[in-house]
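In what follows, a single structure is set out as structure tokens and then discussed.
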Amino acid sequence: MHMNRFFSFLVISAGLVAQVAGARQPQEEQLLRVARWRFEADFKADKKALDSLLAADLTYGRTSGLRHTKAQVMELVGAGGPYALDYSTPDSLVARVYGETGVVTGLLKVKLTSQSAPYTLRFTDTWVRRDGRWQLVAFQATRLP
């Protein structure tokens, strides 16, 4: 008798966990689409899109250890700048949503115009949903060997 109750509890618990996980999936997919849009906007130096995607209070941690504000990021984007891109390819993206906050982690394969060789970095994006849209509030990257 106790075994049947325990088994029923496990089945119900598993179902509830699956429902909660399933309810979060659309939010995570939406966040991944926004993150990919940011990478595309960065590559294309689309300042209008970046202005919308980057929060006014952004903290942007570069692999060199430099920290930039939104204004600095916007100034450095595009052809002729030190961070002009030949290509930027996101990979292994994972999103997690916690209410109005989201975290995206992954790899980014990058080739800067100013550098001879491409490199890969591991990054963490922190996003906050404000006024119904996601905005990047923090970025931190580590260059991989």
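Values quoted throughout were computed directly from the atomic coordinates according to the rules given, and no laboratory measurement underlies them. Worth saying up front: this structure is predicted, and the values here are computed from it rather than measured. In this analysis, Cβ positions are derived from the backbone assuming ideal geometry, glycine residues included, and neighbour counts consider all displayed protein chains.
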request  = Find the Cα radius of gyration of the range 26-145, compare it with 2.2 N^0.38 Å by division, and give the number to two decimals.
outcome  = 0.99
From phi via Karplus (6.51, -1.76, 1.60), per-residue ³J(HN,Hα) for the range 51-58 in Hz, x at Gly/Pro = 4, 6, 7, 8, 5, 4, 9, 4
request  = Name the residues whose placed amide hydrogens come within less than 5 Å of the amide hydrogen of Gly81, ignoring near sequence neighbours (fewer than 5 apart) on the same chain.
outcome  = none
remark   = For the range 119-130, Karplus-derived ³J(HN,Hα) couplings (6.51, -1.76, 1.60; θ = phi - 60°; whole Hz; x for glycine and proline) come out as 8, 10, 10, 9, 9, 10, 9, 10, 10, 10, 8, 10
inquiry  = If you take every residue apart from Thr59 with its C-beta less than 13 Å away from the C-beta of Thr59, what net charge results, scoring Lys and Arg +1 and Asp and Glu -1?
reply    = +1
message = Along the Cα→Cβ direction, 7 angstrom out, place labels at Gln140 and Gln25. What is the inter-label distance in nm?
response = 3.1 nm
ask   = Which ³J(HN,Hα) values, rounded to whole Hz and listed in residue order, are derived for the range 76-90 from phi using the Karplus coefficients 6.51, -1.76 and 1.60 in 6.51 cos²θ - 1.76 cosθ + 1.60 with θ = phi - 60°, glycine and proline given as x?
value = 8, 6, x, 4, x, x, x, 10, 4, 10, 7, 7, 8, 10, x
key: Long-range HN-HN contacts of Leu54 with modeled amide H, under 5 Å   = Leu136
task = Note the full-extension length gain between Ser116 and Ala49 as 0.36 nm times their separation in residues minus their Cα-Cα distance, in nm to one decimal.
result = 21.3 nm
